[in-house]
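Trainee: Handing you this structure, nothing more for now.
Values in this text are rule-based calculations from the coordinates and carry no lab data. Predicted, not measured: the structure shown is a model, and the values here were computed from it. Here Cβ is always computed from backbone atoms with ideal geometry, including for glycine, and neighbour counts include all displayed protein chains.
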Amino acid sequence: MIIRTKKPGRFGRRSVLRGLLGGAAVGVSLPALQIFLNESGTAYADGAAFPKRFGVFFWGNGVLPWRWVPQMTGSFAERDELTGEYALPLSEQLASLESLREDMIVVSGFDVKTGGRIPHNSAVCGMLTGAPLVVEGEREIWEHPTIDQIVARELGSYTRFRSLETSGVPSSYSVSYSGSNTRNPSESSPWNLYQRLFVDGFRLPGEEAFSDPRLALRRSVLDAVMDHSRDLRRHLGSEDQRRVDMHFTQIRELEMRIARLEDDPPSFEACMRPNAPPMELASDERGRPPVVERNALMAELLAMAFACDQTRVFSHALSPAVGDVVFPVDGLEIMESGQGVLKGHHDLTHNEPPPTADEVRNLGVDADVQMWRVNEIVKHIVGRIGDFVSAFKAIPEGSETLLDHMAILGTTDSSNPRLHSLEDFPILVFGGLSGALRTGQHYRSDGDNASRVSLSILRGLGLNAGSFGHGDGRTTDGVSAIER
Amino acid sequence: MSWILRWGAALILGASLGLVGCEGEIEAPTVATRPPPPFEPAPAQLRRLTQPQYRNAITDLFGEVVLPARLEPDERVDGLYQVGAHLTTISARGTELYEAAAYQIAGQAVDEAHRDRWILCAPSGVVDRACAEQSLRVLGRRTWRRPLSEVELAQLVEIGANAARRLGDFYAGMEFSVATLLQSPHFLFRREVGAETDGPRRHTGWEMAERLSFFLWNTIPDDALLDAAARGELGDHPRYAEHVDRLLADPRAKQGVRAFFTEMLELDELDELRKDPTIFEHYTPELGASAREETLRLIEHLVFERDADYRELMTTRTTFIDRRLASLYGVPAPAREGFGRYDFPESSERVGLLGHISVLALQAHASVSSPTLRGIFVRRNLLCGAIPPPPANVDTSIPEPLPGSVTLRDRVARHLQDPSCAGCHRLMDPLGLGLENFDAIGRWRDTESGEPIDASGDVNGIPFSTPSELAYTVAATPDFTQCVMRTAYRYATGHKEVPGEAATLRDITGRFERSGFRVLPLLRSIALSDGFRRVGAPVITVDSTPSGEVSP
């Protein structure tokens, strides 16, 4: 795949001032005042648009497709006009996203075309890299970078952090890969993420640049370490050389990030230092992890990281593929040995008993539902997606919101988790990428390649992407109905 | 992260057999009937230090310092972090973490409490190149496990001198030299590519020093071992075995054996052990650490104090428990503080490792036991069997229980009746059902939902009817001793054995048998084996596809 990027120049006040001063590098830094925005407030006055950003929101164990896919397709607003009613019901499982409907595209009917040799994991790899999961013996190898890392390769050099990876459960689990055997581990502690983003080396717009002599010394150390990498790679096999080269690249990028600390901070009006999250998040009385709180805190931090232009790319895993998370949804106990026991999400997708007569009578559960607990868990997860996306929508940028200038690709590890199916794969897109995507609709295809959605997003980001994916997952066409 | 990733791990294993089903699934034992092909070593490789190795190295270098809480996570491949260590690289986040760790450690290394350990002279001023060079030469050799070249040394000295000038302090400058040593790929990676000086390609003396110390101690070599490397005694040399014996006799060997079994038995995952506290009043977040310590203390006892047959790990009635575990086992605490020895009576069904909380609670769900998870653990971790993943697009729900069935055995019995499940589930469920007398946290129970528990099953066709019989049956299968041998070999060499290594494995197997299946002789024969000392040339491939996906 060849992608050419339209080099978005360093937008913002500082480059404007530099321009005025004949290109001299001056340490002047002022907040981005309204005066510097154009009249409609969608861009800076010098014509540079707000940067486009991208993130992945992942959750494990799929959905129940027959309760996920909305009945009607097309524009939600047009449907309103036709029916004379507001609020087209999205679907039972998506209903809680109603307030975000104009910011989202429900994409259905696309298949992951890369095969499902390993349940769950093959699907995530196929969806996010467009390429099959390579299985060698007992090993699973993600050969190609995930979409977030393809974007980070283009946009990562503009910011302090190339990309951020976060987890909604206490684990370094992540679905972000930079290439073969290079997983980008997640941060799961909001406190640690806060320290990394907003304490160590962070300055608000308008604050003085750092003038710490240690910064230059740290860079000189990294220069030496890069020399060592060059020495080490000699006498190695090709695969090991690739690993050392990858480390070399990371060191060079770290050095560039340290150098950026000596620059002025980016000037973004909405940028502020958020409140510090708690150091520890406690499990509840049943030992269930605080999924709701962790997810919301991560969303706030990531949203502010975007608003402060600390990074332009994230990958967030609410729960792992195959994850057996016990979600904090009440009333899901199963009576076993006289005790009400709570079971994990993955376990339930395979082993949930059918509703009992009591459950049908007392809980109003449909007798023919099957997996009503899984259904409740999926709805809970959709609630977390809503929390997450809303954090980005809450931040104004010009006359719009941060969410308008970005896209979040929401997806999972299977369609029907009981079958580990790859057909009609659950895909949600949030945010319009500054008008590049046609939000506020349900678009349904008839079994097209899911990679086409990813390609539309890459193009919407302004990356001149010729194709996405490899082998059966490769496509050279986006989905024109979701592009503007 | 066991409670969330249990199934993930379970599904990864055994993919080697693809979708061919589970007939004849157990890998052929290494003891071949025909003579194996001539020895052909695996290709040279680069390994990254695991998190425990990094931390142990720092303690060896600088003494008691506050260690970094977070480093690049290790990845388990073919069941072991040591195998993952030769495949994974260092991520952007990992690079940041290593940088932060380097300064956290280097800052302490130069403080008044720690500097005398490695700064070998009194500096004559803010910049004292001679003193810096003298100290860094020694520290550098230990950190990188080989002598520094003059160029490397000069660069380190210059970094320190430059920093000292800027910051106005000799020790503040040395912090940057130390931070360079610790961030260097020469520290973080182990390049063990060997050389062909005379005869076949084998690891150099310096490479052997670190191979031995990481294998047997899980840390960097000490000065004596590096001196031996410098004298050429770690190559093809009569004194090599003496050095192996010294390492095995050193107290640090306990650290090494603990590290090996921690990987093999997944004991690190006990850090994240989670149970529903409303069902299990014994559950506290510290339970996992206690459970791990029980298993490691028993292993230490068997390996070092008793020099016992490895199979006793399954059959012993001895264990080491603290008050927390004693209360869970329903026995008197053997020690007021910490751990003490306890011997279960002959009548007890709690026997050996399969009676430990570390296995029973970890290989279970938060509320309920899981014969499948426990069965996978026995089949894969203890017997080195492979279990393929379920096929795609097959309904994987457990079929409806038959009317009147109340126990888990009744329910999972349906696995074994459905032909699409049975092929593989018969590899795990019959083993795990033998442990159904232990609930999800490992407490004994006679009944489930009022019904007596039936703990019968079979191991490769050999029947058992109680948990203790299961333990004895597992211990008696040849796969059980084969498996620890193979796992130790993979752990030592960092790779899953290749066909060319059959001869060396056969030799190690024979020695292990003749030693009466004792662990220290096993580690010794691995250290002395061709497979550990020789290496193939690095593999050079010509890659036709460009590495870049995106060209700006």
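Trainee: Tell me which cysteines of chain A come out unpaired when the rule is another cysteine's Cβ under 4.7 Å.
Mentor: Here A:C125 come out as lacking a disulfide-compatible partner, given the Cβ-Cβ threshold of under 4.7 Å.
Trainee: What is the set of long-range amide H partners of A:R444 at a cut-off below 5 Å, with H atoms built 1.01 Å from backbone N?
Mentor: A:G74, A:S108
Trainee: Apply the Karplus parameterisation 6.51 cos²θ - 1.76 cosθ + 1.60, with θ equal to phi minus 60°, to every residue of the range A:269-285 and state each ³J(HN,Hα) to the nearest whole Hz, in sequence, with x for glycine and proline.
Mentor: Couplings: 4, 7, 6, 8, 7, x, 5, 5, x, x, 5, 10, 10, 8, 6, 7, 5 Hz.
Trainee: Just want the ordering: B:V378, A:V106, from fewest to most Cβ atoms lying within 10 Å of their own Cβ. Can you show the working numbers first?
Mentor: Details: B:V378 27, A:V106 24.
The order, fewest Cβ neighbours first, is A:V106, B:V378.
Trainee: Continuing with the same structure: Quick one: which residues, 5 or more positions from A:L164 or on another chain, have an amide H under 5 Å from its amide H? H modelled 1.01 Å from N in the peptide plane, none for Pro or chain starts.
Mentor: A:V313, A:F314, A:S315
Trainee: Quick one: Cα centre-to-centre distance for the range B:501-542 and the range B:174-218, in angstrom?
Mentor: Cα centroid of the range B:501-542 versus Cα centroid of the range B:174-218: 20 Å apart.
Trainee: Straight distance only, please: which aspartates and glutamates reach the Cα of A:K393 with their own Cα at less than 12 Å, same-chain residues fewer than 8 apart left out?
Mentor: A:E102, A:D103, A:E300, A:D404
Trainee: Between B:T197 and A:D472, with labels modelled 7 Å along Cα→Cβ, what's the label distance in nm to one decimal, could you check?
Mentor: 5.3
Trainee: Let me ask something additional. Going by C-beta contacts inside 10 Å, put A:F57, B:F280 in order with the fewest on the left. Intermediate values should be presented prior to the final figure.
Mentor: On the way: A:F57 23, B:F280 20.
Going from least to most buried by this count: B:F280, A:F57.
Trainee: If you find the alpha carbon centre of the range A:433-474 and of the range B:459-493, how far apart are they in angstrom?
Mentor: Computed from Cα coordinates, the inter-centre distance equals 51 Å.
Trainee: Given a cut-off of under 8 Å on Cα pairs at least six residues apart, what relative contact order in percent is computed for chain B?
Mentor: Relative contact order here is 20 percent.
Trainee: Which percent, to the nearest 5, of DSSP beta bridges fully inside chain A are antiparallel?
Mentor: Numbers: 27 of 48 bridges.
Around 55 percent antiparallel, to the nearest 5.
Trainee: Something else about it: Calculate, in nm to one decimal, what A:D212 and A:V199 gain on full extension: separation in residues at 0.36 nm each, minus their alpha carbon distance. Intermediate results must be reported in sequence, preceding the final value.
Mentor: On the way: separation 13, 0.36 × 13 = 4.68 nm, distance 1.52 nm.
So the extension gain works out to 3.2 nm.
Trainee: Also, I was wondering about something else. Need one number: convex hull volume per residue for the protein assembly as shown, Cα atoms only, in Å³. Can you show the working numbers first?
Mentor: Details: hull volume 180.6 nm³, N = 1036.
Here the figure is 174 Å³ per residue.
Trainee: Under 5 Å between amide H atoms, partner at least 5 residues away or on a different chain: which partners does B:I220 have, H built in plane at 1.01 Å?
Mentor: B:A57
Trainee: So what is log10(I(q)/I(0)) for the range A:128-244 at q = 0.14 1/Å, when the Debye sum runs over its Cα atoms only?
Mentor: Normalising to I(0) and taking log10 leaves -0.89.
Trainee: Can I ask one more? How many nm is it between the label spots at A:W66 and B:H237, if each spot is 7 Å from the Cα in line with the beta carbon?
Mentor: Each label point is offset 7 Å from its Cα along the Cβ direction, giving 7.3 nm.
Trainee: Could you pull out which residues in the range A:222-238 have an amide N less than 12 Å from a spot 7 Å beyond the Cα of B:S149, following the Cα-Cβ vector?
Mentor: Zone members listed by number: A:227-235.
Trainee: From the backbone phi of the range B:280-295, what are the Karplus-calculated ³J(HN,Hα) couplings (6.51 cos²θ - 1.76 cosθ + 1.60, θ = phi - 60°) in whole Hz, Gly and Pro given as x?
Mentor: 10, 5, 7, 6, 9, x, 8, 4, x, 5, 4, 5, 4, 4, 4, 5
Trainee: Of all DSSP beta bridges in the protein assembly as shown, what percent run antiparallel (nearest 5)? Display every interim value, and only then the final one.
Mentor: Working: 46 of 68 bridges.
Roughly 70 percent of the beta bridges in the protein assembly as shown run antiparallel, per DSSP.
Trainee: Here's something else I'd like to know. So what is the 222 nm mean residue ellipticity for the protein assembly as shown from helices alone, if each DSSP H run of at least 4 adds -39500 (n - 2.57) and you divide by all residues, rounding to the nearest 500 deg cm²/dmol?
Mentor: Numbers: 37 runs with 404 residues, N = 1036.
So the calculated ellipticity at 222 nm is -12000 deg cm²/dmol.
Trainee: Please report the relative contact order for the range B:47-190, taking Cα pairs under 8 Å with a sequence separation of at least 6, and give it as a percent rounded to a whole number.
Mentor: On the way: 191 pairs, mean separation 36.8, N = 144.
Relative CO of the range B:47-190 lands at 26 percent.
Trainee: Can you sort A:D472, B:D223, A:D347 by how many other beta carbons sit within 10 Å, fewest first?
Mentor: Working: A:D472 16, B:D223 11, A:D347 21.
Starting with the residue having the fewest Cβ neighbours, the order is B:D223, A:D472, A:D347.
Trainee: Tell me, what ³J(HN,Hα) does each residue in the range A:251-263 have, in order and in whole Hz, if you take phi through Karplus 6.51 cos²θ - 1.76 cosθ + 1.60 with θ = phi - 60° and put x for Gly and Pro?
Mentor: So the Karplus estimates, Gly and Pro as x, are 5, 4, 5, 4, 4, 5, 5, 5, 4, 5, 5, 7, 7 Hz.
Trainee: Measuring from centroid to centroid over Cα atoms, what is the spacing of the range A:283-346 and the range B:37-56 in Å?
Mentor: Distance between centres, Cα-based: 37 Å.
Trainee: Here's a follow-up. To test your reading of the geometry: what angle, between 0 and 90 degrees and rounded to tens, separates the Cα axis of helix B:170-183 from the longest principal axis of chain B?
Mentor: Rounded to the nearest ten degrees, it is 50.
Trainee: Also, quick follow-up: Output needed for the range B:47-190: three equivalent-ellipsoid semi-axes, defined as square roots of 5 times the C-alpha gyration tensor eigenvalues, in descending order, whole Å. Walk me through the intermediate numbers first.
Mentor: Details: eigenvalues 162, 43, 35 Å².
Each semi-axis is the square root of five times an eigenvalue, giving 29, 15, 13 Å.
Trainee: Expressed as a rounded percentage, what relative contact order does chain A have, with Cα pairs under 8 Å and six or more residues apart? Display every interim value, and only then the final one.
Mentor: Details: 967 pairs, mean separation 142.0, N = 484.
After rounding, I find 29 percent.
Trainee: While we're here: Pull out the extension gain between B:A476 and B:D395, defined as 0.36 nm times the separation in residues minus the alpha carbon to alpha carbon distance; nm, one decimal.
Mentor: Working: separation 81, 0.36 × 81 = 29.16 nm, distance 3.65 nm.
So the chain would gain 25.5 nm between B:A476 and B:D395.
Trainee: Can you give the FRET efficiency to the nearest 0.05 for B:D227 and B:E337, using r as the Cβ-Cβ distance and R₀ = 41 Å? Mind dumping the intermediate values first?
Mentor: On the way: r = 41 Å, r/R0 = 1.00.
E between B:D227 and B:E337, to the nearest 0.05, is 0.50.
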